Amino acid sequence: MPRSHRATTRPFTVVLCTTCQSNLGSVVLQQLQATVRRTPHGMLVAAGCLLGEFTCLARQQGGSAVLLLQPCSADRVAHGPARWIGAIDTLDDLQLVCAWLERGRWETDHLPDRLRLTLPATRRTIVTN
């Protein structure tokens, strides 16, 4: 996004899984940091595996970044469902995701299919129980 672009004022927390090393290396974290800095109520969290060893799609595919976006209030109370994003394999994918975050319209239908991470049925069952 150009620097003159006005980023969303909608609060959000985005979590980057750091367990699986992306082929893009530190560029993923750097780009996400820059994106979050342009938003007044964005927060970036780096965390271990978000899905677990047996259901993580990134571990199965290898070398991909996975994110979790949680829309929230300015005081970090969750608003609506969290959205899984990934697997981010290329710089183009990373730029698409960062632009999507900055726009603040986080319906997943605004992302290409390849970036809409869907949980395996076994993981969905675990999460809902």
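The values are calculated or read from the model by the stated rules, or taken from the named source; none is laboratory data. Because the structure is a prediction, the values reported are computed rather than measured. All Cβ positions, even for glycine, are placed from backbone atoms using ideal geometry, and neighbour counts span all protein chains on display.
A few remarks follow.
- Residue among Thr125, Thr90 that alone is within 23 Å of Val27 (Cα to Cα), among the hydroxyl-bearing types (Ser, Thr, Tyr), surrounded by fewer than 16 Cβ atoms within 10 Å (Cβ to Cβ) and modelled with pLDDT under 95: Thr90
- Single unsatisfied condition, Ala34 versus (1) touching a helix residue (DSSP H, G or I) at 6+ places or on another chain (Cβ under 6 Å); (2) modelled with pLDDT of 95 or more: (1)
- The residue that is farthest from Leu96 (Cα to Cα), counting only those in region 1-15 that are aliphatic (A, V, I, L, M) and modelled with pLDDT under 95, is Ala7.
- Search result, residues across region 20-38 that are crowded, with 16+ Cβ neighbours inside 10 Å and over 13 Å from the mean Cα position of the chain (by Cα): Cys20, Ser22, Leu24, Arg38
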